[in-house]
1. Go through (1) more than 20 Å from Gly139 (Cα to Cα); (2) surrounded by 12 or more Cβ atoms within 10 Å (Cβ to Cβ); (3) of a type outside the set (Phe, Trp, Tyr); (4) touching a Gly at 6+ places or on another chain (Cβ under 8 Å) and name the single condition His10 misses.
2. What do you reckon, is Gly50 loosely packed, with under 13 Cβ neighbours inside 10 Å and more than 25 Å from Thr146 (Cα to Cα)?
3. Take region 14-30 and flag every residue that is within 23 Å of the chain's Cα centre (by Cα) and surrounded by 13 or more Cβ atoms within 10 Å (Cβ to Cβ).
4. Identify the single condition in (1) farther than 17 Å from Arg58 by Cβ; (2) modelled with pLDDT under 95; (3) open to solvent by less than 70 Å² (accessible area, probe 1.4 Å) that Glu111 does not satisfy, given that it satisfies every other one.
5. Among the residues of region 84-107, write down those that are touching a strand residue (DSSP E or B) at 6+ places or on another chain (Cβ under 8 Å) and modelled with pLDDT of 85 or more.
6. In region 77-108, what count of residues is obtained for those that are out of contact with any Leu (no Cβ under 9 Å at 6 or more places or on another chain), under 18 Å from Ala131 (Cα atoms) and open to solvent by less than 60 Å² (accessible area, probe 1.4 Å)?
7. For region 116-131, which positions are modelled with pLDDT of 95 or more and either under 15 Å from Glu76 (Cβ atoms) or assigned to a strand (DSSP E or B) (or both)?
8. Quick one: would you say Ser43 is surrounded by 13 or more Cβ atoms within 10 Å (Cβ to Cβ), within 17 Å of the chain's Cα centre (by Cα) and small (Gly, Ala, Ser)?
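The values are calculated or read from the model by the stated rules, or taken from the named source; none is laboratory data. All of these numbers come straight from a predicted model, not from anything done at the bench. Here the Cβ positions follow ideal geometry from the backbone for every residue, glycine too, while neighbour counts run over all protein chains shown. Just so you know, the surface numbers come from the protein's heavy atoms only, side chains and all, with ligands and any DNA or RNA stripped out. Shrake-Rupley method; radii C 1.70, N 1.55, O 1.52, S 1.80 Å.
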Amino acid sequence: MYDYLIQMVHLAKEGETQGVFFWFSAYTMLILLLSLIMQIRASTWPGVRGEMLDERIREFGFAFAPSDKDYRVNVEYRYTVDGKEYTGKRLSPWVFVTNNNAAFILRKQMEGIQKLGGPAVKVFYNPKKPAKSFLILPGRTGMVITALLAVTLPFFYWLKYYG
């Protein structure tokens, strides 16, 4: 295994496709597996009652036509844990940036916010770091997608060079 990794380092240094593909797929798999671990941990976070301060789809970019601009969800909410007040800005672990034609994805994502009447919402926070919070917890579908994406590039690497 060690010799194989050294061989891939040399191939990548020489700009060979196999070496670059190997390290890119290994890096991608590592990042996605870390994301999966974070999603699994976050899925068990406790929730508290919070107050929504801002909730909108924000456009950014300098294009004149709406279809050329980018859009993302912008939320701000306040919540209290153990007598200390926090302000959160994260909707979910999944950050989507879309164009005008796909803004429906953002609206659909915002439907996942648990509204408790009026400006009240359910806020899920990290019990070890209460300042870190989400309005939407990761679900099984997202975790499965992350896991599948984590193994996709290594699978294609194996298929191309050994399949």
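1. Condition not satisfied by His10: (2).
2. no
3. Step one: filter region 14-30 for residues within 23 Å of the chain's Cα centre (by Cα), giving 23-30.
The answer is Trp23, Phe24, Ser25, Ala26, Thr28, Met29.
4. So Glu111 meets the others, but not (3).
5. Glu85, Tyr86, Thr87, Gly88, Lys89, Arg90, Leu91, Ser92, Leu106, Arg107
6. Residues in region 77-108 being out of contact with any Leu (no Cβ under 9 Å at 6 or more places or on another chain), under 18 Å from Ala131 (Cα atoms) and open to solvent by less than 60 Å² (accessible area, probe 1.4 Å): 3 in total.
7. Result: Ala120, Val121, Lys122, Val123, Phe124, Tyr125, Ala131.
8. Details: surrounded by 13 or more Cβ atoms within 10 Å (Cβ to Cβ): yes; within 17 Å of the chain's Cα centre (by Cα): yes; small (Gly, Ala, Ser): yes.
Considered against the rule, which asks whether it is surrounded by 13 or more Cβ atoms within 10 Å (Cβ to Cβ), within 17 Å of the chain's Cα centre (by Cα) and small (Gly, Ala, Ser), Ser43 comes out as yes.
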